[in-house]
Structure formats: structure tokens, C-alpha cells
């Protein structure tokens, strides 16, 4: 990822809000995998996903930093706490569903990956090429996650 924004790029407030939302959404995914990993500590898939989601979170934060989006209100060290009430509700819903069974947790995680792909496609619209490039990499990562979760679901059946 480039360390400078595209030279002609100035983001609108709406685009900055989208960068911040994607950053927080990556935290939701990471936090869900951390929490489910504690519940199902014998399922390695959640541990692996925590690591890759942290990388996604770092990439999204770097974009926020590059474009001057303030992320200081987000404490990455606190699991399950988000700036957005919508994301708090999503996290709570994902965890509640995931607590039912390992299979439900894996299926919920697969759903998160699919949702992230859709969200990143939407978030890319009208963004500068450096942002689109990062979002494409995050999308590819989420597609890999889908494959991993699909395999884990098959194994848990």
C-alpha cells in the first residue's frame, strides 16, 4: 500500500466516514473471531482469522491515517466495543448466534466474510485508486476466509 494518498485525491466527508466505518467493521470481524476463539478454543480457524483480521484492521487504519480520518475514539485493545451503535449491535448478534454451537459460530463467521466482500465492493465506489487497491486486497483476503470457513463447516458437520 502506498504511504501517500493519490496526489489529486481529496476525500469527501462521506468517503472519510466510509474509511472509518470499514476500519471499525474490520475490528468487528477481528473481535468476533477473538471471542468465538475463546468459546471454541479447540477450533484453530478462529485463531487464524484473528491474525488475518488484525492485518486487515491495520491496513484500514493506515488508510484512515493517510487521509486524516481520526481513529482516536477507537480502542483496539478493548474487545466488543465500537464507536458505532450499529456495529455494536452486529457484534452482539454475531456472538449470540455463534454461542449456539460450533457449527453456528463457523456459519456466522462465513456470513461475516461474505458481508465484508459486499461491503468492500460498495465502499470502493468513487474512491481513489490507492484505497480501491487496499480494499481489493482485503476482499481477496475475505474470499480466502470464506473458503477456510467452508472447509471448517464441512469438518464440523
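A few points about this structure:
- Each Cα pair under 8 Å and six or more residues apart adds its sequence gap; the mean of these over the residue count of the stretch 13-156 is a relative contact order of 27 percent.
- Sorting the segments 44-53, 101-110 by their mean number of nearby beta carbons within 10 angstrom, highest to lowest, gives 101-110, 44-53.
- Neighbour-count order for 18, 119, 89, fewest beta carbons within 10 angstrom listed first: 89, 119, 18
- Net length available on complete extension from residue 88 to residue 118 is 8.9 nm, with 0.36 nm assigned per residue and the Cα-Cα distance removed.
- Degrees between helix 85-98 axis and first principal axis of the chain (Cα, 0 to 90, nearest 10): 20
- Burial ordering of 121, 13, 76, fewest other beta-carbon atoms within 10 Å first: 13, 121, 76
- Annotation for residue 77 and residue 16: the two label points, set 7 Å from Cα along the Cα-Cβ direction, are 2.7 nm apart.
- Relative to the longest principal axis of the Cα atoms of the chain, helix 44-66 runs at roughly 10 degrees.
- Compared with the dominant Cα axis of the chain, that is its longest principal axis, helix 13-39 is turned about 20°.
- By other beta-carbon atoms within 10 Å, ranking 150, 56 with the fewest at the front produces 150, 56.
Read-outs: derived from the displayed coordinates by stated rules, not from any lab. Since this is a predicted model, take the numbers as computed values, not measurements. Positions of Cβ are generated from backbone atoms using ideal geometry, with glycine treated the same way; all protein chains shown enter the neighbour counts.
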